[in-house]
1. Provide the net charge surrounding ALA55, with neighbours chosen by a C-beta distance below 12 Å and charges set as Lys +1, Arg +1, Asp -1, Glu -1.
2. Segment 204-253 to segment 1-55: how many Å between their Cα centroids?
3. Which FRET efficiency value, to the nearest 0.05, is calculated for ALA329 and ALA132 with the Förster distance at 45 angstrom and r the Cβ-Cβ distance?
4. Between ALA55, ALA299, ALA80, find the one with the highest GNM mean-square fluctuation for the chain; connect C-alpha pairs within less than 10 Å.
5. Using modelled backbone amide H atoms (1.01 Å from N, in-plane), which distant-in-sequence or interchain residues come within less than 5 Å of ILE114's amide H?
6. For GLY208, what charge total do you get from the other residues with a beta carbon under 14 Å from its beta carbon, if Lys and Arg give +1 and Asp and Glu give -1?
7. Near ALA192, within a Cβ-to-Cβ distance under 12 Å, what is the net charge of the other residues, with Lys and Arg +1 and Asp and Glu -1?
8. Work out the P(r) tail for segment 252-301: percent of alpha carbon pairs separated by more than 16 Å, whole number.
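The values are calculated or read from the model by the stated rules, or taken from the named source; none is laboratory data. Remember, it's a predicted structure, so these values are computed and weren't measured experimentally. Reconstructed Cβ throughout: ideal geometry from the backbone, glycine too, with neighbour counts over all protein chains shown. Accessible surface areas use protein heavy atoms only, side chains included; no ligands, DNA or RNA. Shrake-Rupley method; radii C 1.70, N 1.55, O 1.52, S 1.80 Å.
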Amino acid sequence: MTLVLGIESSCDETAAALVRLGPGAAREIVAQRIASQDDAHRPYGGVVPEIAARAHVERVTPLVEATLADAGLGLADVDAIAATAGPGLIGGVMVGLVTAKALAMAGDKPLIAINHLEGHALSPRLADPALAFPYLLLLASGGHCQLLRVDGVGRYTRLATTIDDALGEAFDKTAKILGLGYPGGPAVERLATTGNPKAVPLPRPLLGSADPNFSFAGLKSAVLRAKQAGSHADADIAAAFQQAAIDCVIDRSRRALAAAGAVSALVVAGGVAANQAIRAALESLAAEAALRFVAPPLALCTDNAAMIAWAGLERLTSGDFAPASLDLAARPRWPLDPDAAPVRGAGVKA
Ligand code: KG4
Ligand code: ZN
């Protein structure tokens, strides 16, 4: 039995979790706590890095203590401590990483530095022990939109990324344009269920293109123009936006499936994977390709520490594990596939 404490603080959730790998590869989230900062950032319509970093400082230690207490365990019971070391808002990442270093030193435990994106990429295996490498992963969050072939722990081939906005960012901007507040993804999804997606013509950037990547900036601008025109119901705009986004996601994913070679499943992870309409469309695509479709439960899609603890467990048990040094620096940018060619377009995130 191996027990890992995970800490996540790369954006606007402070989170701690204890995940155990038991006999027969049984996985168990023993305890987890998430302190969302949504209320602190809502007045600004997005995450304010300085507010986020301060909130992480206030919350992280009590949160770790409460998580251990929930499980009736102490630091001595933990085999290793895993923390997000990037990419993300650097102030927040530093808070979680420094806390993990202090705990590792105080408890004489190995420190595992986790790439937040690897946390998302491996999270489907925490919920589904049958999910085997390699799989094709759509990783869609507030900062990223990538298609990756996942061959193993630390073995990622990026087949596509966004040349401008991330998909979650497009949802958040659409929410802002429609006055739905922050965070926007769930609000847009809710409103879209009451609208007519055909009532507002919107573009589908790069649909059918030989370029494998995503682009959402043009779609976002078209949403703004549709709203400014004043002649469409907000629900119709939300529905049309979501349908255009889904059409792009499916077209790009179909293309990546053709390029990926043999895979065991089509998998979606990251905050946007919480979207039921996107999940349903991907499930149909998987069926069309005679592949399994795997999506983690909603609580594992948006940022959480269970996925960080799980990535730590995967690393710890992968065979080639070396504990991170205590002077390891936080990384604001940290691509999963460092060999991937840079994409054209401006403003590309990590
Ligand atoms: O993975 P995540 O929690 O944080 C990042 O690492 O970015 O993803 C947050 C993103 C936000 O952009 C949020 O609007 C989006 O995921 N999101 C959704 C939904 N729930 C969260 N987007 C569409 N539909 C949803 N139901
Ligand atoms: Zn994330």
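1. Numbers: positive: ARG54, ARG59; negative: ASP12, GLU13, ASP38, ASP39, GLU50, GLU58.
Cβ neighbours under 12 Å give a net charge of -4.
2. 31
3. Efficiency computed from Cβ-Cβ geometry: 0.85.
4. Top of the fluctuation ranking is ALA299.
5. ALA83, THR84, ALA85
6. On the way: positive: ARG204, ARG252, ARG254, ARG255; negative: ASP211, ASP247, ASP251.
In short, +1.
7. Counting the neighbours of ALA192, the net charge comes to -2.
8. Values: 437 of 1225 pairs.
Looking at segment 252-301, the distances longer than 16 Å represent 36 percent of pairs.
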